[in-house]
Amino acid sequence: MKQKKIRVMVVDDEPEALKSISEFVRKTKILHLVSSDRDPAVALHKIFRLNIDILLIDMEMPGLSGLDIFEQIKHFTVPSSGRRPLRVIASSAHREYAADTYRLRFTDYLVKPYSYSTFMDSINKVLESWDAAYVRPPQIDDLFFVREAGSLVQQRIDFSEIVYLQADAMETWIWLDNDTKKRIALGLGQIEARLPFDAFKRCHKSYIVNVDYVRKVVGDSIELHQIKQSIPYGATYKQKDFGLWVIHNSLV
């Protein structure tokens with residue numbers, strides 16, 4: 001199986017630095033250069049659209065500094081089930097930002113100009129941080145057995161049958177493709193941990209949707225196949241989880 005490459009963005013307002021760092025990325029087989037930008041505002045917009053794994057960013061840029069950008073994207077650096085957290089490598093011609101990047105937990109801080117060897121040392125730090133942050137769940141089948149609230153019967157549900165899940169206090173409703181639902185005495189987060197991340201995306205603090213059933217996104221709601229009613233699409237999730245899935249699969 002062909003290994004999926006690590007998606008990288010480079011942001012630096014200095015043309016020579018941008019060219020040099022971008023070349024480092026291109027010559028590294030495990031990396032894929034998704035974007036290289038001199039304008040930090042343009043780059044910030046792209047970060048929310050392009051599903052970046054590693055961001056290589058200059059600390060001193062006009063309009064938006066590296067710290068300014070990090071403050072707006074740091075939620076992407078938090079580990080999440082089934083996906084890589086974003087890793088940020090900062091650089092500058094000066095050492096004065098080292099303390100800030102350490103405090104904010106950037107993956108690394110490099111003083112420019114730096115060599116390809118130094119660049120690769122940072123990439124290896126990223127790989128090590130992923131290994132430490134992301135504990136892979138055990139292999140499971142595409143199903144689980146559940147007991148409805150108040151019942152002793154264990155019922156099989158295939159993941160492909162699930163259209164969406166809805167939190168209800170400390171319980172969860174599971175809506176199935178035959179337009180029936182099951183009430184489970186587990187919280188939404190507990191069930192989410194058992195679902196395959198590629199297929200199930202959180203679209204609201206109280207809802208997780210199976211993307212295979214998504215028919216249409218209309219403003220703040222999502223229309224689904226098999227289910228008559230639409231479900232809410234929370235503003236917070238337009239820039240993560242379900243929102244990133246929509247952006248990644250959009251033609252425009």
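Things to note:
- Close pairs from the stretch 211-226: first touching a residue at least 24 places away in the same chain (Cβ under 8 Å) and within 16 Å of Glu161 (Cβ to Cβ), partner surrounded by 14 or more Cβ atoms within 10 Å (Cβ to Cβ) and of a type in the set (Phe, Trp, Tyr), Cβ under 7 Å, at least 6 apart: Val211/Trp245; Leu224/Tyr164; Leu224/Tyr213; His225/Tyr213; Gln226/Tyr213
- Some residue of the stretch 97-108 being small (Gly, Ala, Ser) and outside any helix (DSSP H, G or I): no
- Among the criteria (1) in a loop (DSSP other than H, G, I, E, B); (2) touching a residue at least 40 places away in the same chain (Cβ under 8 Å); (3) surrounded by 16 or more Cβ atoms within 10 Å (Cβ to Cβ), the one Asp179 does not fulfil is (3).
- Looking only at the stretch 228-250, and only at residues there that are aliphatic (A, V, I, L, M) and surrounded by fewer than 18 Cβ atoms within 10 Å (Cβ to Cβ), the one that is farthest from Asp53 (Cα to Cα): Ala235
- Taken over the stretch 195-220, the residue count meeting the criterion of being surrounded by 15 or more Cβ atoms within 10 Å (Cβ to Cβ) and touching a Phe, Trp or Tyr at 6+ places or on another chain (Cβ under 7 Å) is 12.
- Helices (runs of 4 or more DSSP H) (entirely within the stretch 1-76) containing at least 1 residues that are crowded, with 18+ Cβ neighbours inside 10 Å and at pLDDT 95 or above: 15-26
- Of everything listed in (1) in contact with a Ser or Thr (Cβ under 8 Å, 6 or more places away or on another chain); (2) surrounded by 15 or more Cβ atoms within 10 Å (Cβ to Cβ); (3) part of a loop (DSSP other than H, G, I, E, B), the single unmet condition for Pro113 is (2).
The values are calculated or read from the model by the stated rules, or taken from the named source; none is laboratory data. Since the model is a prediction, treat every value here as computed from it, not as a measurement. All Cβ positions, glycine included, derive from the backbone under ideal geometry; neighbour counts span all protein chains shown.
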